[in-house]
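In what follows, a single structure is set out as structure tokens and then discussed.
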Amino acid sequence: MAVDETRTLEYEPHIGETRQYWRDMILGVNDGLVSVFLLVVGVVGGGLVTEQVLLTALAGALAGAVSMASGEYLATKSQDEVFEAELTLERHHIEHFRDEEMAQLREFFDDMGVALEDLDSVLSGFENNDAALLNAMAALEFGVVESERRSPYRAMAASGVLFLAGSLPSVIPFAVFDSTRVALTWATILALAGLFIVGVVKATVTRTGRIRSGAENMVIAGLGGVAAWLLGDLVGNALT
């Protein structure tokens, strides 16, 4: 008796509403992990004691979080304002230069591969529908889809809060251990583990190799750590 090996494929949903904020989330936590870790390694290499390293790490974490949050807010808000200005101009074009806009839309659909014999029927749906024409031109000409627009406040929160979260593995050991060497060892272990996890999470979302992504993230930070230690040691020796 033949065995039916046919399997029903399951529909895999997209990421959804968080898609446009993944850049902010990954950048925030990864930057917190890397930059504060390198800062800690550098000042330990320069000869600072545990309390001094802790103060430096806390200051670096706070400064980095504020910088990331404000930078993302301003960048996202500025980009959104540019889009709004372009959409306002597009409404003017649709009202006063409709034929030109329809011709441009025809070119877009043609470039997308819509068959020539189907273009007229496709475009007919936009002839007397200003809202549909505006949405189509916004998506095809400016790459603006309403559901994909980013909130400056959410981008700010994602970057700033996750930067602070990423800085914790390099800060906490210096608040717990008196020995600088022990604290740095734990900071290194925790930071590299965090970087590996971030790489795995990113690869899970992007459906790429998880181990490779995690290892790649660790190696980049590890090389940076070696460079930071050497620089700190060089400067520390020069100042003593």
(message) Taking the criterion of being within 22 Å of Ala221 (Cα to Cα), of a type outside the set (Lys, Arg), without any contact (Cβ under 8 Å) to a residue 24 or more places away in the chain and surrounded by 12 or more Cβ atoms within 10 Å (Cβ to Cβ), would at least one residue in the stretch 66-79 satisfy it?
(response) yes
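May I ask you to list the residues in the stretch 180-233 that are among the small types (Gly, Ala, Ser) and under 24 Å from Leu54 (Cα atoms)?
We begin by selecting, within the stretch 180-233, every residue among the small types (Gly, Ala, Ser); these are 183, 187, 191, 193-194, 199, 203, 209, 213-215, 221-222, 224-225, 227-228, 232.
Of everything in the stretch 180-233, those that are among the small types (Gly, Ala, Ser) and under 24 Å from Leu54 (Cα atoms) turn out to be Ala183, Ala187, Ala191, Ala193, Gly194, Ala221, Gly222, Gly224, Gly225, Ala227, Ala228, Gly232.
Condition check ((1) charged (D, E, K, R); (2) surrounded by 16 or more Cβ atoms within 10 Å (Cβ to Cβ); (3) touching a residue at least 60 places away in the same chain (Cβ under 8 Å); (4) touching a Cys at 6+ places or on another chain (Cβ under 6 Å)) across all residues:
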{"residue": "Leu133", "(1), (2), (3), (4)": "no, yes, no, no"}
{"residue": "Phe142", "(1), (2), (3), (4)": "no, no, no, no"}
{"residue": "Tyr153", "(1), (2), (3), (4)": "no, no, yes, no"}
{"residue": "Ala158", "(1), (2), (3), (4)": "no, yes, yes, no"}
{"residue": "Val219", "(1), (2), (3), (4)": "no, no, no, no"}
{"residue": "Leu230", "(1), (2), (3), (4)": "no, no, yes, no"}
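Give Ala103, Ala61, Ala69 a once-over and let me know the one that is more than 17 Å from the chain's Cα centre (by Cα), in a helix (DSSP H, G or I) and under 30 Å from Ser170 (Cα atoms).
On the way: Ala103 fails: under 30 Å from Ser170 (Cα atoms); Ala69 fails: more than 17 Å from the chain's Cα centre (by Cα).
Selected residue: Ala61, the only one of Ala103, Ala61, Ala69 that is more than 17 Å from the chain's Cα centre (by Cα), in a helix (DSSP H, G or I) and under 30 Å from Ser170 (Cα atoms).
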(message) Out of everything in the stretch 29-60 that is over 15 Å from Ala183 (Cβ atoms) and hydrophobic (A, V, I, L, M, F, W, C), what residue ends up being surrounded by the most Cβ atoms within 10 Å (Cβ to Cβ)?
(response) Leu33
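The numbers here are math on the coordinates, done by the rules we state, and not lab data. The shown structure was predicted, so the numbers you read here are calculated from the model rather than taken from an experiment. Neighbour counts run over all protein chains shown; Cβ positions are idealised from the backbone, glycine included.
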